[in-house]
Each structure stands twice: as C-alpha cells, then as structure tokens.
1. Could you work out how far helix 274-287 tilts from the main Cα principal axis of the chain, as a 0 to 90 degree angle to the nearest 10?
2. In whole percent, and with a 1.4 Å probe on the protein chains, what portion of the accessible area of the chain is carbon and sulfur?
3. Straight-line reach from residue 31: which aspartates and glutamates have Cα under 20 Å away, leaving out those fewer than 8 places along the same chain?
4. I'd like the distance between the alpha-carbon centres of segment 236-260 and segment 60-97, rounded to an integer number of Å.
5. Determine the distance separating the Cα centre of segment 173-200 from the Cα centre of segment 349-375; give it in Å without decimals.
6. Of the listed pairs 75/320; 174/320; 9/56, which have alpha-carbon separations greater than 30 Å here?
7. Amide H neighbours of residue 255 under 5 Å, at least 5 residues apart or on other chains, H built in the peptide plane: list them.
8. What spacing in nm lies between the two simple spin-label points modelled at residue 291 and residue 9, each 7 Å away from Cα in the Cβ direction?
Amino acid sequence: MPAVVVKQKSYRVPNSEEPGSTYVIRHPDNKDSLEVPGIRNDYETNVFGMLQYSAKHYGGREFLGRRAYNQQTNKFGDFQWLTYQEAYSRVLNIGSGLIHVLKRHVRPNADINEITRLPLGMYAPNRVEWILADYAGLSQNMYTVALYDTLGADSIEYIVNHAEIEILVCSLDKVPKLLKLREKLPALKAIVSMDAFAPQTPDETLPSPFNTSSVTVLRQWADAAGIALYDLPAVEALGAADPIHPRVPKTNDVFCLCYTSGTTGTPKAAMIMHSNMDYVQRVVPQFVPVTSPPVVLSYLPLAHIYERFCQIYVMSSGGKIGVFSGNILNIVDDLQTLGPNVFNSVPRLLNRIYDRLVAGSIHAPGLTGVIARRA
C-alpha cells in the first residue's frame, strides 16, 4: 500500500496558550515569524501607491467595468470598461474635488494642506463609483467608513456620529434616508450623490423613482437642513478645474474603519491600516498563485473587508474587476458575460447555490428528480 503523504496545514506555536486565550496557530512556512518573504518588493506599501503603480505599468489595460443597461429591452448588455489610466485620472479629479467641498462647506478656515486624514463615508451597493470614490479619498489620505442597509437607521446614526463623518458619498436613494436623520447627525455637512443629477448620456437616466423634479426637492431639503448636496460629476469637475497634488498615505496610516453589525450592542470599528492591505497583496501570491491577470466579479459587499482585500489584490496585479448588475439573482448571467478566471465567495452564498442546485435536481419532483437521484 503506497504511503500517504499528509501536508501540514497549520503550525501550533509552543507555549503560546495563555489564560483566557487559545494557542497561536501559524502557517507552517512562517513558524517563527510573521514577516512576509520578499515577494513583489517593487510595490508600494500603501493602497494609493499600489494604484499609482498599476496606472503606470498597466495603464492601457481594462480595470473597472459595469454592464450597460438597455431600457428598451430591459436587459443588461456587455461590460463597459475604464482602463487603469482612465480610472486613475478620474480618481485624482474626484479626490481634489472632495477636498474643495470640505474646504467650502466643512472647514472654511482651515488651510487646504490641513484637510487630510479625515473619514469619508460610503453608503451604496457595489458599483464603479464606489470604487472610484474610495481611491479618490485615499489619494488625499482620507480613510473610508462604509455603511450598508442591513445596519438599520440606529446603527447608521451611531456610526456616522462615532466616526465623526463630515462628508459622505452615497447612491441617490440613500440621500433622503440621510436627510431624515439630519437632526441626529450634527457632524455631517456634505453629501455627494454617485448618481448624476443630470443624465450624462442619452441612455442614462436617474434611478427610479427619481426624476429632475424630485432632485430639485432633494436639493431644497438639503439646503434647508444645512447640508451641501453635490453629485459626483460636479465634484469631479471641481477637482479637474483646480487639482490638488495627491497626499500619499504612509504605511501606518488608517486605510478604513470597518464596523460590525452591532448584534451584541453598538457597532464596533476595526481599524484597518495600509500595512494590513500591503501584507495581503504580498502574501496572497504565495498561497493563491494566479498565472494570468485575475478577472473577478465584484458582488460581495464592499462594506466588508474581504471584498476590499480581493479587489486591492486584483488591482495591484493589473487585473479586471467587473461589478455585478445589482441583483444577486442575476449573478449567473453576470458571470457568463464577464468570464472570470477567479471566483471569490463565502460559505453562506455557496450554500444558497447548493440549495438551488439540489432543489432543481435530486430534490426535484417527478421524473427529473428520479433521473437525478439515479445519476
């Protein structure tokens, strides 16, 4: 009988157990140190620096894509792409524009060089504008604080106040929700809508149920509440007209605050540093070798750190990120259209996919189920 080779999956650090905590487990290749071997040493050690590197080395490659929506057929078409250089140019303009908005409406007496290391609120499902605004904040050494609907109004109120968010970028449908909470959000001074108030192309419209009249009402509501309301194209135009040189974060600067759902009390913030993201993009190639530039579908919530880790690794590798069409039930169609070579997921979603497969096969009624169970 041939010998069975068992590969060690983990290493238990001797004498590491302490009262109230378990022993320490490490990867067998890093038994004595958490230092990462010298892989990709030519990369920057902060996330914005990684984007600069990728824009320089992969400028003409496709980077961020969304599916075009045809209103007449009520269907999504192929992915439309921004190259690395196109995305980088937009990031610089949006980043400069955000600082100008802060200078006008939040900190008018501050020197513009002092407006940095501030929180940037994010509140929207996955979309290209989310990613652009995220990198734009990083270009001015701001750090993102993500919100999501399942938190509920109380938790959103708590996080905005706890993180002292003064400017927040969101999808248009979130603007009324934030304005309703205005009296409970004293620090919030500016909101930027990811959706343009005026369609930029003939095929582009405001998301239902909004129209130009309702946007006018939102602007009046925001003005009465003492909130400066912009759309992303206006912020981008501000930055293009008056650029501010990027303020590249340091390795030990904050990358983002990632809040828990608060199921056992108020939400708790995990402080993620640029050094954490640097560690990931250096260590992943050792354990998840990818022979060609990765192509991934962005559908897991960007408010969660796992999706951010995955995206930054793809970006630093010169890969492509296609954003899903917004409905998790259409993910198969999104995948077929994109053709990814990497699929990142979580057990909960895989269980749902498994349940749908067995429901349509071995658990199906009639002849279909009989054939599937005998296969």
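1. Rounded to the nearest ten degrees, it is 30.
2. 54
3. Straight-line reach from residue 31, under 20 Å: 17, 18.
4. Answer, in whole Å: 20.
5. Rounded to whole Å, the Cα centres lie 45 Å apart.
6. Numbers: 75/320 23 Å; 174/320 28 Å; 9/56 38 Å.
Violating the 30 Å Cα-Cα cut-off are 9/56.
7. Result for residue 255 returns 272, 273, 274.
8. Once both label points are built, they end up 2.6 nm from each other.
The values are calculated or read from the model by the stated rules, or taken from the named source; none is laboratory data. Everything quoted here is computed from the prediction, not taken from an experiment. Counting neighbours? That spans all protein chains shown, and the Cβs are built from the backbone with ideal geometry, glycine included. Note: accessible area is taken over every heavy atom of the protein model, side chains too, but ligands, DNA and RNA are not part of it. Shrake-Rupley method; radii C 1.70, N 1.55, O 1.52, S 1.80 Å.
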